[in-house]
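Everything below concerns the one structure shown next.
The values are calculated or read from the model by the stated rules, or taken from the named source; none is laboratory data. The shown structure was predicted, so the numbers you read here are calculated from the model rather than taken from an experiment. Every residue, glycine as well, gets a Cβ built from its backbone with ideal geometry; the counts of neighbours run over all protein chains shown. Ligands, DNA and RNA are stripped out before the accessible areas are found, and what is left, the full protein with its side chains, is counted by its heavy atoms. Shrake-Rupley method; radii C 1.70, N 1.55, O 1.52, S 1.80 Å.
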Amino acid sequence: MSDHEALLKELLATFAIEAQEHLDALSSHLLALEREEEEAGRQRLLEGVFRRVHTLKGAAHAVNLADVAHDCQELEEVLAGIKRGEAEFGMETFDLLHREINRLSARIFPAGAPTAAPAPAPQQSASQSVPPSPLPTVPTPPVVAVAATQAPTPEKPRPSPPSYAADETVRVSARLLETLLLQSEELVSAKLAASVLQEELSTLAGEVAERGAERDRSLEAARRALKKGTDGEASLAGLLEQRCRHERTVEGRLRLLEKNAEKHTRSLQALVDPLLEEMKKLQLLPCSSILDPFAKLVRDLTRELGKEADFSLSGGELEFDRRILAELMEPLLHLVRNTVDHGIELPQAREAAGKPRRGTVSVEVRLQDANRAELILTDDGCGIDLEQVKRSALRRELATEEAIARMPDAEALQFIFESGLSTSGTISSISGRGVGLAIVRETLERLGGHVSVTSTPGAGTSFRLVFPLSFARMRALLVQVAGRYCAIPATVVELSARVPLSEVKRVENRDTVVAAGEVLPLVSLAGILETGRRSVEPDTTVSYVLLRAADRRIAFAVDQVIGVQEILVKPLGRQLSRVRNVAGATVLGSGRVVPVLNVADLFRSALGGGADVTSLPVPSAPARQARVSVLVAEDSITSRTLLKNILEASGFLVRTAVDGADAMAQLKTDPCDVVVSDIEMPRMDGFELTRSIRADAKLASLPVILVTGLESRTDRERGIDVGASAYLVKSSFDQTNLIEVIQKLT
């Protein structure tokens, strides 16, 4: 490669960075110019646009890009005409300027914007591509450009159009680089200290080995002397005294080495931790770097669809890992496009509804805690048609009609994140295929976050994206499941606790536990992970961790809670790119490889799994000499007879009562092992019967199973409050499950 070609290659790489900055600034200036109403402000912004175009033209001339310079010259003529008053500040003029900027961007970057800033993930659908709009970099003067590899050299001295490589370039503050260099230099002394310590340990190990050989020789001599009956005892006593002196010497040197090692460890920690924190800053970018271009995207889409809307951003100064921002680009792209297409109404429709003619699309970014942040995308459009969502879910067979009818509106609204579900009656180049929101959920779950949506008909929709601040390092709760270690992200763990097995109640064919003042499902994590389940001994305790994902909470039973520690998450690799319930892996300090669990998958497995997957193991009770006696309290003769036949066929001794009062009278004269009762009965219902049993000192520990058609949350909680041992709903009644519950309680 000639010196001229090498110089041109370097200049082209520098021009790509400079052109990106100018194009970003031009788009921002034009949007501000469009909103500015005062003449002085317009002239100031117009002058800024003119100077940017002029500077870009000079830079294009410097690298022999004549076509780019010519386009800049034409844009200067248009701007000069506006300055002279030959054209008015109207929508047609702004549309013309935006088209010229887009054309100029396409000329400089024919393959799209360079990756100087986070680029969208490569899974973007072709039907949902973005109009040409380069992504911004962050100006941080003074700066030094640091590139992994330089842009490829064009084959000809005057390329048209130029081609830039996809190698990433980041811009780093010179102050930050200087700080990192100074901290790195301090590590030299730590390296030398570690070398000295290693030499001392090697010397000591050599001396111990040499003394060991002498000891063996001395022991052999003493043994021979003892056999001959000479002065062997004196030799042995001298040897022992010598060994004691040597051990005291070695112990003293080891203590000294231990203190030195501890001192060096503290020094190394004091150097490495700040260095790591400073290195993390190299990856930080303000979130405005990916959110500012959406103002232009909203403008372009509204102009294309005949709508009017403004974009606003709050919290854009917050800085996040650029890899996190890169992953968020595609979800935000789909959300904004869906918001403009489905949410914002036409101006005439908004005026008819009593709304301002121009809609609003706003983004607010804020920190949740030291480890997580949330982004809220809100519009004031028409909202989401919940009935249409439910109809689409039925057509896609995502749930039964009965389940959807009982489902809360907030839960049914989450169906919009299912792949293939769309509430749009038409498919356009912007949306309508039901893919975009599925990508949003998948991306957030891959990051270890989640997405939720709320909507008010006629008032608008709000999407809430929760995501971690760091991509690799995280705090995790280590648990033991079926003899194996697993890591759960600490940000989703609300609490860990241990309860007696007797406090685990059966409600609606699921194990439940009272946690944080609420009755919550208790699921076997070993059953979810299919690692095998151990038998639980009677009267033992159950350890569990309470996890939260979006607005749902589930307690997962584990063998043991180990503790919280910071881990470095590693991907599974291409061979295992997607493993159900597993998000990645980490290596502990002991060298043990531990899977990091995918919380979203755990919730889907728990909510969708059957009782055989999610239930706790049945306690292995000792064999009974006598048959279990059951009292069935049921006012319906049909139900009473059915339950009696089922239980007798399973080997139980069964007698019946026509209501709660009859059951209580029988219990006082002839107790039983377990009571199975309906709730709605004359004279004394099931709740009163349970309360009366618990109030009786002789019957207080008697298990009571409520089998009823009342399936509301209030009724279930009331059943637990009065002391029911299990709560089974007739609509999902399973005779096998009833028998298992009786066996578990007796």
7 Å from Cα along Cα→Cβ at both residue 70 and residue 700: what's the point-to-point distance in nm?
9.6
Taking amide H positions as placed in the peptide plane 1.01 Å from N, state which residues far from residue 515 in sequence (5 or more) or on other chains have amide H under 5 Å from it.
520
Calculate the spin-label point distance for residue 200 paired with residue 743, positioning each point 7 Å from the Cα along the beta-carbon direction, and give it in nanometres.
6.5
Alpha carbons only, please: Rg and Dmax for region 448-516, in angstrom.
18.0, 54
Suppose R0 equals 60 Å; then what is the FRET efficiency for residue 502 and residue 35 from their Cβ-Cβ distance, rounded to the nearest 0.05?
0.35
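Can you give the net charge of the other residues whose Cβ lies under 12 Å from the Cβ of residue 661, counting K and R as +1 and D and E as -1? Could the numbers behind the result be given before it?
Working: positive: 668, 683; negative: 635, 659, 662, 685, 688.
Result for the local shell: -3.
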Name all residues of region 63-82 having a backbone nitrogen under 18 Å from the label point set 7 Å from the Cα of residue 43 along its Cα→Cβ direction, giving them as ranges.
79-82
Once the in-chain neighbours fewer than 8 apart are removed, the lysines whose Cα is under 30 Å from residue 390 read 307, 355, 730
For region 18-96, the percent of accessible surface on carbon and sulfur atoms (probe 1.4 angstrom, ligands and nucleic acids excluded) is 48
Run through region 688-746 and list the trypsin sites (Lys or Arg not before Pro) located in a DSSP loop whose Cβ has at most 13 other Cβ atoms within 10 Å.
698
What does the highest-first list of 303-313, 405-415, 253-263, 459-469 look like by mean Cβ count within 10 Å?
459-469, 303-313, 405-415, 253-263
Between the modelled labels at residue 645 and residue 564 (7 Å from Cα along Cα→Cβ) the distance in nm is 5.6
What are the ³J(HN,Hα) couplings of region 318-329, residue after residue, when phi is run through the Karplus curve with 6.51, -1.76, 1.60 and θ = phi - 60°? Round to Hz, x for glycine and proline.
5, 9, 9, 4, 4, 5, 5, 4, 4, 5, 6, 4
Quick one: if you take sqrt(5λ) for each eigenvalue of the C-alpha gyration tensor of region 663-729, what semi-axes come out, biggest first, whole angstrom?
20, 12, 10
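What's the ranking of 350-363, 280-293, 21-34 by average number of surrounding C-beta atoms within 10 Å, highest first? Please list the in-between numbers first.
Values: 350-363: 16.1, 280-293: 19.1, 21-34: 20.6.
Those peptides, ordered most packed to least, come out 21-34, 280-293, 350-363.
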In whole Hz, with x marking every Gly and Pro, tabulate ³J(HN,Hα) for region 67-79 from phi via Karplus 6.51 cos²θ - 1.76 cosθ + 1.60, θ = phi - 60°.
5, 5, 4, 5, 5, 5, 4, 5, 5, 4, 4, 5, 5
Using amide H atoms built in the peptide plane, which far-off residues or other-chain residues are under 5 Å from residue 320 H to H?
285, 287
